1. Under 5 Å between amide hydrogens, which residues at least 5 positions from I78 or on another chain qualify, with H placed 1.01 Å from N in the peptide plane?
2. For V53, what charge total do you get from the other residues with a beta carbon under 9 Å from its beta carbon, if Lys and Arg give +1 and Asp and Glu give -1?
3. What nm distance separates the two modelled labels at E7 and D72, each placed 7 Å from Cα along Cα→Cβ?
4. If the chain between E21 and H65 were fully stretched, how many nm would it gain, using 0.36 nm times the residue separation less the Cα-Cα distance?
5. Can you sort R20, R31, R48, R4 by solvent-accessible area, 1.4 Å probe, largest first?
6. Skipping prolines and chain starts, which residues have an amide H placed within reach, meaning under 5 Å, of the one on V67, given they are 5 or more residues away or on another chain?
7. Please turn the phi angles of segment 80-85 into ³J(HN,Hα) values with the Karplus equation 6.51 cos²θ - 1.76 cosθ + 1.60 (θ = phi - 60°), one per residue in order, whole Hz, x for glycine and proline.
Amino acid sequence: NENRLPELSQVVSLPRITIREKISTIVTSLRRIRSVSFRGLLSPQTNRLEVVVTFLAMLELVKRHIVAAQQDALFGDIQIQTVGELVDDEEIKVEFEE
């Protein structure tokens, strides 16, 4: 049918963001400075989906006892710091292969 609108995925496509990529970003940041704020991981152009994926990556790292997260106030920024030595990225990526 000629009057049919194109599907949304053909008009707008968001860049693909994975939890694995965000885990790698967080670990890379922590290798340099050992502590980072959640907001510090985000840029002003960060969209809502990327915020959610970054948060899920942080939770996965907390669950694996790779980082500790602390929030001092309700709705305050979350401070993330390493717990012991950081593992290799390869060890983290295994579970998130696509």
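The values are calculated or read from the model by the stated rules, or taken from the named source; none is laboratory data. A quick note: this is a predicted structure, and the numbers were derived from the prediction, not measured. Because the Cβ atoms are built from the backbone with ideal geometry, glycine has one as well, and the counts that use them run over all protein chains shown. Note: accessible area is taken over every heavy atom of the protein model, side chains too, but ligands, DNA and RNA are not part of it. Shrake-Rupley method; radii C 1.70, N 1.55, O 1.52, S 1.80 Å.
1. F38, R39
2. My count for the surroundings of V53 gives -1.
3. Each label point is offset 7 Å from its Cα along the Cβ direction, giving 4.9 nm.
4. On the way: separation 44, 0.36 × 44 = 15.84 nm, distance 1.84 nm.
My answer for the length gained is 14.0 nm.
5. My answer, sorted largest first, is R48, R4, R31, R20.
6. Amide H to amide H, under 5 Å and 5 or more residues apart or across chains, V67 pairs with V62, V83.
7. Result, ordered by residue: 10, 9, 6, 10, x, 7 Hz.
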